[in-house]
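Student: If you scroll down you'll find the structure; I have some questions about it.
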Amino acid sequence: MGIYLVICLVVFFAGLTQGLSGFGSILLSLPLLAIFLDIKTVIPLVALFGFFITIILIIQLWRHLDWKKIYPLVLGAFPGIPVGVFFLKKLDKEPIQWILGIILISYSLYRLFFQSPSKGIRGHWAYLFGFFSGCLGGALSASGPAVIVYTSLQTWGKDTIKVTLQGFFLVSGFIVVFLHALSGITTFPVLRFFIVSSPFLVLGTYVGSIFYGKINEESYRKVIFILLGFLGAFMIYRAM
């Protein structure tokens, strides 16, 4: 009974985090759940959590969804995945995590304490950032940072940023969940943990969405950069 309570509490705050910012559920839930559960259970479990949250947020922000902003990121990611896998086989992943962590922390600090650019980058850059996302996904199972940075460089409103992230995560999350199920990684205990804790996941996502609705554009971007900094710190922690 104790382990179910722990999982429910973790997924509540994971849902709250992603409901507020549009990402971060895996950043929060993976290291915490790995303390109490076997990592082979945690990985497919947090993938299910992340995919379920994404579906909820897509439904909430459906009217802001523009697939023209999302498909270049997805198309760019596909060729990047085998490149990332190649680097994973040829190089130690720890230096890659250190470099990525330092870049994310530096970028987040720069955007928090210096003036943001007044013009967004052009749409064709989405293919390049999508490619980097695929590389990171193939090498480190961390496809999010490159897409988050790309959306933060745009002058879009917070709804467009958040729903674009969800659109990308919906596609990438479906692929991951499907492959986990196909390979037998998603076991009955994983599904049992997911089903029991899903009401807390929905509640946390709902609470996070309420907070999201109360913050302005500037505050939302600050939330993104703060969580990016934590994501960079998490990358360094994984490399240690």
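The values are calculated or read from the model by the stated rules, or taken from the named source; none is laboratory data. If you're wondering where the values come from, they're calculated on a predicted model, not measured in any experiment. Counting neighbours? That spans all protein chains shown, and the Cβs are built from the backbone with ideal geometry, glycine included.
Student: Please find, among Thr205, Thr155, the residue that is at pLDDT 90 or above and among the hydroxyl-bearing types (Ser, Thr, Tyr).
Tutor: Details: Thr155 fails: at pLDDT 90 or above.
Going through Thr205, Thr155 in turn, just one is at pLDDT 90 or above and among the hydroxyl-bearing types (Ser, Thr, Tyr): Thr205.
Student: Oh, and also: Please specify each residue of segment 106-138 satisfying the condition of being farther than 16 Å from Ile26 by Cβ and at pLDDT below 80.
Tutor: Taking segment 106-138 and keeping what is farther than 16 Å from Ile26 by Cβ, we get 106-132, 134-135, 138.
Within segment 106-138, Phe114, Gln115, Ser116, Pro117, Ser118, Lys119, Gly120, Ile121, Arg122, Gly123, Gly138 qualify.
Student: Something else about it: Taking into account only those residues within segment 198-214 that are closer than 20 Å to Ser152 by Cα and in contact (Cβ under 8 Å) with a residue 12 or more places away in the chain, which is surrounded by the most Cβ atoms within 10 Å (Cβ to Cβ)? Walk me through it before giving the result.
Tutor: Let us first name the residues in segment 198-214 that are closer than 20 Å to Ser152 by Cα, namely 208-209, 211-214.
If we keep only those that are in contact (Cβ under 8 Å) with a residue 12 or more places away in the chain as well, we get 208-209, 211-212.
Working: Gly208: 25, Ser209: 20, Phe211: 13, Tyr212: 23.
This residue is Gly208.
Student: Another question, then. Consider Pro95 carefully, then state whether it is in a helix (DSSP H, G or I) and over 24 Å from Thr151 (Cβ atoms). Walk me through it before giving the result.
Tutor: Numbers: in a helix (DSSP H, G or I): yes; over 24 Å from Thr151 (Cβ atoms): yes.
The answer is yes for Pro95.
Student: Just the residues that are in contact (Cβ under 8 Å) with a residue 24 or more places away in the chain and either acidic (Asp, Glu) or buried (at least 22 other Cβ atoms within 10 Å of the Cβ) (or both), please, taken from segment 28-45.
Tutor: The answer is Leu33, Pro44, Leu45.
Student: Still on this structure: Only one residue in Ile195, Ile236, Ile224 is assigned to a helix (DSSP H, G or I), exposed (fewer than 14 other Cβ atoms within 10 Å of the Cβ) and either under 19 Å from the mean Cα position of the chain (by Cα) or of a type in the set (Val, Ile, Thr) (or both), so which one is that?
Tutor: Values: Ile236 fails: exposed (fewer than 14 other Cβ atoms within 10 Å of the Cβ); Ile224 fails: exposed (fewer than 14 other Cβ atoms within 10 Å of the Cβ).
Answer to the check: Ile195.
Student: Right, next: Count, please, the residues in segment 6-15 that happen to be within 21 Å of Ile210 (Cα to Cα) and surrounded by fewer than 24 Cβ atoms within 10 Å (Cβ to Cβ).
Tutor: Filtering segment 6-15 for residues within 21 Å of Ile210 (Cα to Cα) gives 8-15.
Those left that are additionally surrounded by fewer than 24 Cβ atoms within 10 Å (Cβ to Cβ): 8-9, 12-13.
Matching residues across segment 6-15 total 4.
Results for (1) touching a helix residue (DSSP H, G or I) at 6+ places or on another chain (Cβ under 8 Å); (2) charged (D, E, K, R), shown as yes or no for each residue.
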| site | (1), (2) |
| --- | --- |
| Val149 | yes, no |
| Thr155 | no, no |
| Val176 | yes, no |
| Arg192 | no, yes |
| Gly208 | yes, no |
| Gly232 | yes, no |
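Student: Can you report the number of residues in segment 154-191 which are loosely packed, with under 15 Cβ neighbours inside 10 Å, hydroxyl-bearing (Ser, Thr, Tyr) and more than 21 Å from Asp38 (Cα to Cα)?
Tutor: Residues that pass the stated criteria total 1.
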